[in-house]
């Protein structure tokens, strides 16, 4: 009884995003479904399953009061979706970019299958899939995302988390270290370090970290070490089930982790190096488990004796081989990675699986040691905690944002998936997700955390407004931050255009000194003609020094003395710029969200350009109709007296021109 009033109050300003045009009290049920699905959420998401069931029983249109009742089971998630506040607010644009990367990376046929485990040498080498799961449960899938593959070393960071949860950091690191090894994953060398106990100082040998085989075998040995094998493996599978959002009653795609006995047996038969590591760990005295030796020799033969096999070694190795042999899909592993990105809370179930401290203690080790002896180079270029496995999987964690898993079985010399590495590099080349990108201001790389229209507005808006207003100090700060001061807005108008138009001589001189080159705007015009039209002679002299031939812009104004509607002023210039970018992109949802936040539909920028000008110029008829439906005036005029109708005619946008012409 308490939820519905709260939801009613919180969605009051955003529900109209879904409304039927002619009746603001009616909502089409398909609009609700489309809004959720286009945002990357799934109809079988446990949080939304009940909601979709209810929608399937509704009529084509429902009233607002019914809408509030129907979404009560997932009201906050629906509201975040409608307001564009999910982890990836521009999911469609993000998906298109990943699609393009996937298509290019699929051409890479280099690398070899893992040959030392026979079942892995028999898989289809051309398999390629990627899954991305955000902290809000948005899911992107492409290619062979639903193919089971062997976890192998992908299990290591999660096993490490399991023992941290049970035993704590201090006790775990008496058995395994935290340092990069700089060696191959199956190296037999251990880290010798000094331990201080009161006044006594002693040396001990432990694995370098839990991401190499020695450390992973030690970690497996620490998992419920006093229990039997069956219970220990069941515990691990249950923990993985929680990480990936599996539930016996759930509807989400995740299945309970699958054990491949053939892979485990082959690992046992061929894993001689791992057997050696197991006994090496036993020799240090740090491997936990049963160490009760036979007290009486029962072999009665004269030259015989009871040969003893240490159970702690075999139990640790058997569990380790078994966990490596678990199989999952890239979507399931991406969900587990997203649980790490979400500070231990599974995005699908919203259940806390790991403590925040556990995740915090795991990710730095994953960052420094997760990619074997290529970890340093990988982190320098990609900049994300990641883990690979010889089964062909690579997963990445982008804290507070998403988990990614790429599956492609061909491996490089370090045992990492060739396509997985290339895909990871492409993602961080396109998006600002490298952990140290906070210090970078490259306008060519996208911040996926904000809508694309806002990112574009942010990339140029502050500099343009500063130039327009003569704010030289802001421009100096932006230059010191290495911002690109030549980036233009939705009309390709740059800071130099606006400084020239507004007579800001000092700004023009500063921009030229910074190496900013004059470029043409949408109409082929340069700042030179902005200065000339406004009689800014000193600026003309500065620009003449550049010895450039400036072309005359082509503006169309059919009736300069015709009817003129008022352009709205709005204090938040960046939101106005975002609205215009959204109109230029035909981003219906983005426009609705901005209007819901209070931006006037006919807000104008520094050139008195409005959303209708941009939609008309780009030929976005759907956006034009939406803006008119929201009472955008038709006869608004920009700096050059052009109306949206003029823009449609100049750009030969016939359908938009005919539509607007009928409204006059």
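The values are calculated or read from the model by the stated rules, or taken from the named source; none is laboratory data. Bear in mind that the values here come from a model prediction, so they are computed numbers and not experimental data. Cβ placement follows ideal geometry from the backbone for every residue including glycine, while neighbour counts extend to all protein chains displayed.
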Those residues of region 78-123 which are in contact with a helix residue (DSSP H, G or I) (Cβ under 8 Å, 6 or more places away or on another chain), assigned to a loop (DSSP other than H, G, I, E, B), closer than 22 Å to residue 417 by Cβ and touching a residue at least 24 places away in the same chain (Cβ under 8 Å), in sequence order: 106, 108, 110, 111, 113, 114, 116, 117
Within region 377-418, of all residues that are out of contact with any strand residue (DSSP E or B) (no Cβ under 9 Å at 6 or more places or on another chain) and closer than 20 Å to residue 244 by Cα, the one surrounded by the most Cβ atoms within 10 Å (Cβ to Cβ) is 399
Mind checking whether some residue in region 195-207 is closer than 30 Å to residue 122 by Cα, in the same structural domain as residue 311 (by TED's automatic domain parsing) and at pLDDT 80 or above? no
Can you name every residue in region 547-558 that is surrounded by fewer than 12 Cβ atoms within 10 Å (Cβ to Cβ) and touching a residue at least 24 places away in the same chain (Cβ under 8 Å)? 554
List the number of the failed condition for residue 420; all other conditions in (1) under 30 Å from residue 392 (Cβ atoms); (2) outside the structural domain of residue 145 (by TED's automatic domain parsing) hold. (2)
When residue 619 is run through (1) in contact with a helix residue (DSSP H, G or I) (Cβ under 8 Å, 6 or more places away or on another chain); (2) at pLDDT 95 or above; (3) buried (at least 23 other Cβ atoms within 10 Å of the Cβ), the failure sits at (3)
Within region 236-249, the count of residues that are buried (at least 16 other Cβ atoms within 10 Å of the Cβ) and either at pLDDT below 90 or not in a helix (DSSP H, G or I) (or both) comes to 4
Residue check: is residue 344 assigned by TED's automatic domain parsing to the domain that holds residue 123, within 30 Å of residue 118 (Cα to Cα) and touching a residue at least 12 places away in the same chain (Cβ under 8 Å)? no
Every residue from region 33-59 that is more than 17 Å from residue 73 (Cα to Cα), assigned to a loop (DSSP other than H, G, I, E, B) and without any contact (Cβ under 8 Å) to a residue 60 or more places away in the chain: 59
Taking the options 130, 62, name whichever one is touching a strand residue (DSSP E or B) at 6+ places or on another chain (Cβ under 7 Å), at pLDDT 90 or above and either part of a loop (DSSP other than H, G, I, E, B) or surrounded by 17 or more Cβ atoms within 10 Å (Cβ to Cβ) (or both). 130
Here's a check for you: in region 253-279, which residue that is touching a strand residue (DSSP E or B) at 6+ places or on another chain (Cβ under 9 Å) and in a loop (DSSP other than H, G, I, E, B) is modelled with the lowest pLDDT? 253
Of the residues in region 640-664, those that are surrounded by fewer than 17 Cβ atoms within 10 Å (Cβ to Cβ) and within 41 Å of the chain's Cα centre (by Cα) number 4
Test result for residue 71, outside the structural domain of residue 35 (by TED's automatic domain parsing) and either buried (at least 22 other Cβ atoms within 10 Å of the Cβ) or in contact with a helix residue (DSSP H, G or I) (Cβ under 9 Å, 6 or more places away or on another chain) (or both): no
Taking the criterion of being assigned to a helix (DSSP H, G or I), modelled with pLDDT of 95 or more, touching a strand residue (DSSP E or B) at 6+ places or on another chain (Cβ under 9 Å) and surrounded by 14 or more Cβ atoms within 10 Å (Cβ to Cβ), would at least one residue in region 579-599 satisfy it? yes
What number of residues within region 498-524 are over 38 Å from the mean Cα position of the chain (by Cα) and part of a loop (DSSP other than H, G, I, E, B)? 3
Can you confirm whether region 482-492 contains a residue that is in contact with a helix residue (DSSP H, G or I) (Cβ under 7 Å, 6 or more places away or on another chain), farther than 20 Å from residue 638 by Cα, at pLDDT 95 or above and not in a helix (DSSP H, G or I)? no
Select, from 164, 154, 171, the only residue that is out of contact with any helix residue (DSSP H, G or I) (no Cβ under 6 Å at 6 or more places or on another chain), surrounded by 15 or more Cβ atoms within 10 Å (Cβ to Cβ) and either at pLDDT 90 or above or not assigned by TED's automatic domain parsing to the domain that holds residue 327 (or both). 154
Considering residues that are under 19 Å from residue 547 (Cβ atoms), surrounded by fewer than 15 Cβ atoms within 10 Å (Cβ to Cβ) and out of contact with any helix residue (DSSP H, G or I) (no Cβ under 9 Å at 6 or more places or on another chain), the number found within region 497-537 is 2
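Out of curiosity, is residue 361 buried (at least 16 other Cβ atoms within 10 Å of the Cβ), modelled with pLDDT of 90 or more and more than 20 Å from residue 130 (Cβ to Cβ)?
Yes.
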Selection from region 637-664 of residues assigned to a helix (DSSP H, G or I) and touching a strand residue (DSSP E or B) at 6+ places or on another chain (Cβ under 8 Å) yields 644
